[in-house]
Amino acid sequence: MRIMPFLFLGAAGLQGCTSPGLEQQLQEASAAYEQVSQDARVVHDAPKDVMRAGDSLERAKRFAGYLGNAEDAEHYAYLSRRYSEIARNHSALQRNQMRATQLAMEQERLRQTLQEARVLDAHQQDRWLDEQMISMAAAESDRGLVMTLGDVLFKPASAELGNSANRTLLKLAHFLQLNPGRRIRIEGYTDNRGDAAENLQLSRARAQAVADFLVDLGIEASRMEVLGYGEQHRISENASARGRAQNRRVEILFSDDKGRLSPPR
């Protein structure tokens, strides 16, 4: 659906009908409609509400202009703002419902995997856990066992996890559920592009997003530490796009089976 933005009426079009209060209401209604009509997600999720907001705004401007009725203009300006608000809320609710459904599906997969794992004998279970660690691409380092999550799991320049992160983090949740004695430290890193303080904040936010996702899958927050290092501790040079991509990462450091983690950097 294509939503056409409405133009503000000029002073000549209002022909002296508006008061400062009405002008402000029209501007607020126009700004609210502009915001929702330009948001593709809101237009997709709540097209009827966006259309009603636009229709009400058009009527408000007509009453404020050549029809010369300030009371009706205020009424329709109010309706337009409310429809814009309803459209935003409707879209947010739909996104939350989709995420809840997605998490429920992931939790069901986790439950089934755990149920299957419990029927394995001790030898099979040890082998299964080894295979899980290999599938997670965890590697030994001087700090212990480390799993690296690449920048591709996040939306560009954002701490929001993309859909590709689900499978990787589900494997991590599986391992932690089957190893209740282990703890993890989640560390965020960036390249050196942009402001250093903002990079530090982004690295911490990305690490926290991973922790929050694991909590949603049933992992206790007390088993996780979250740190952001920003531009520090690069693993490649920042002169090339490939090197910067390698530096933009989240690392998962595993404790031993007694829950002991190596000291932070």
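The values are calculated or read from the model by the stated rules, or taken from the named source; none is laboratory data. Just so it is clear, the model here is predicted, and its values are computed rather than measured. Here Cβ is always computed from backbone atoms with ideal geometry, including for glycine, and neighbour counts include all displayed protein chains.
Condition check ((1) in contact with a Phe, Trp or Tyr (Cβ under 7 Å, 6 or more places away or on another chain); (2) surrounded by 14 or more Cβ atoms within 10 Å (Cβ to Cβ); (3) at pLDDT 90 or above; (4) closer than 17 Å to GLY65 by Cβ) across all residues:
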position	(1), (2), (3), (4)
ILE3	no, yes, no, no
GLY10	no, no, no, yes
GLY16	no, no, no, yes
SER19	no, no, no, yes
GLN24	no, no, yes, yes
ALA29	no, yes, yes, yes
GLN38	no, no, yes, no
ALA53	yes, yes, yes, no
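State whether one or more residues within the range 102-114 are assigned by TED's automatic domain parsing to the domain that holds ARG248 and modelled with pLDDT under 75.
Checking the range 102-114: not a single residue is assigned by TED's automatic domain parsing to the domain that holds ARG248 and modelled with pLDDT under 75.
So which residues in the range 30-40 are out of contact with any Ser or Thr (no Cβ under 6 Å at 6 or more places or on another chain) and either in contact (Cβ under 8 Å) with a residue 60 or more places away in the chain or in a helix (DSSP H, G or I) (or both)?
Matches in the range 30-40: SER30, ALA31, GLU34, GLN35, SER37, ALA40.
Could you please give the count of residues in the range 78-96 that are closer than 12 Å to TYR33 by Cβ and either among the acidic types (Asp, Glu) or modelled with pLDDT under 90 (or both)?
So the count comes out to 1.
Hand me the list of helices (runs of 4 or more DSSP H) wholly inside the range 158-265 holding 1 or more residues that are more than 18 Å from the chain's Cα centre (by Cα) and more than 26 Å from ALA104 (Cα to Cα).
Result: 196-216, 241-247.
Just to be sure before I move on: is TYR83 crowded, with 17+ Cβ neighbours inside 10 Å, of a type outside the set (Lys, Arg), under 16 Å from GLU23 (Cβ atoms) and out of contact with any strand residue (DSSP E or B) (no Cβ under 7 Å at 6 or more places or on another chain) in the structure I sent?
no
When only residues in the range 238-259 that are among the acidic types (Asp, Glu) and more than 10 Å from THR148 (Cβ to Cβ) count, which is modelled with the lowest pLDDT?
Top of the filtered list is ASP257.
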